[in-house]
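The values are calculated or read from the model by the stated rules, or taken from the named source; none is laboratory data. If you're wondering where the values come from, they're calculated on a predicted model, not measured in any experiment. As a convention, Cβ positions derive from the backbone with ideal geometry for all residues, glycine included, and neighbour counts pool all protein chains shown. For the accessible areas, the whole protein counts, side chains as well, though only heavy atoms, and no ligand, DNA or RNA atoms are used. Shrake-Rupley method; radii C 1.70, N 1.55, O 1.52, S 1.80 Å.
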Amino acid sequence: MLNIILFGAPGSGKGTQSDFIVKKYGLQHLSTGDVLRSEIKSGSELGKEIDSIISKGNLVPDHKMIHIIAHYLDTLPNDCKGVIFDGYPRTVEQAEALTLLLERRNMEAVMIDLAVDEDEVIKRLLNRGKTSGRADDNFETIKKRIKIYHEVTKPVCGYYLKRHNYFLINGNYSMEDTFAQVDTILSLINKN
Ligand code: B4P
């Protein structure tokens, strides 16, 4: 199975690259951001709680995210070719939990880190904010999300680097040129 963790700062293009990968490789796509936003849309009590966290640019607590991932892995179809984890893990604790959950199923995952300059991610998110209707796509919240990314999320790279499951690519290019780099890595992994 080809299990990919798409990693990067907010607005680095995780969701965008996931769509390209799904088209070419037919993997299942789990965007934790999308799962959380659909819970908010449902109007549930949990959704209201999540809304107040995300709209301030904060991370949803680890135990809730780990529960979502465990449930998702239990519901994968039998013919699943692999999973793209888009936006998960965002903390080292989430990474450790994912390793255990995958090991129990005789699986592992490799990380592809989309490195994008801060000016560029801010520009992309402000641009997305014009149409996304997302409460977290405004300048103040974007700055906070980037700060949390550097403090809490970035260390997750080291976790995968130590496990020799880490690839870094330059995500400053166009969507297509960025995908060309992702594709090169996936073709290599797929062969082995
Ligand atoms: P996410 O939904 O994961 O959102 P993101 O990081 O903002 O976006 P992404 O990197 O996918 O960027 P995209 O492709 O859309 O998370 C939202 C929130 O949910 C988090 O802040 C957090 O609160 C919560 N959350 C999610 N997962 C969590 C977890 N595991 N633990 C705790 N909390 C969690 O690209 C952005 C824009 O750039 C788009 O408009 C796109 O068109 C454009 N773009 C992309 N690539 C481009 C390129 N190469 N060139 C030009 N434009 C590009």
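The table that follows gives values for the structure above.
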| item | result |
| --- | --- |
| Unit charges on C-beta of K, R, D, E only; dipole of the chain, Debye | 100 |
| Accessible surface of the stretch 56-137 [probe 1.4 Å, protein heavy atoms]: carbon and sulfur percent | 49 |
| Residues with amide H under 5 Å from that of LYS81, placed H, sequence gap 5 or more | GLN28 |
| In nm, spacing of pseudo-spin labels at ASN138 and ALA70 (7 Å Cα→C-beta vector) | 3.7 |
| Probe 1.4 Å, accessible area per residue of the chain, Å² | 53 |
| At least 20 Å along the helix axis (C-alpha) and Kyte average at least 0.0, DSSP helices within the chain | 175-191 |
| Ellipticity estimate at 222 nm from DSSP helix runs (n ≥ 4, -39,500 (n - 2.57)) divided over the chain, nearest 500 | -17500 deg cm²/dmol |
| For the stretch 57-171, with +1 on Lys and Arg beta carbons and -1 on Asp and Glu, the positive-most of TYR88, THR131, TYR159 along the dipole | THR131 |
| Förster-model FRET efficiency, 22 Å R0, THR184 and GLU108, C-beta, rounded to 0.05 | 0.60 |
| Prolate/oblate/rounded call for the stretch 75-117, Cα gyration tensor, a/c under 1.5 rounded | oblate |
| Computed lengthening from ASN78 to HIS63, 0.36 nm per intervening residue step minus Cα-Cα distance | 2.8 nm |
| The chain - percent relative contact order, Cα under 8 Å, separation 6 or more | 34 |
| Separation in nanometres of the label points that stand 7 Å from Cα toward Cβ, at LEU126 and MET175 | 2.1 |
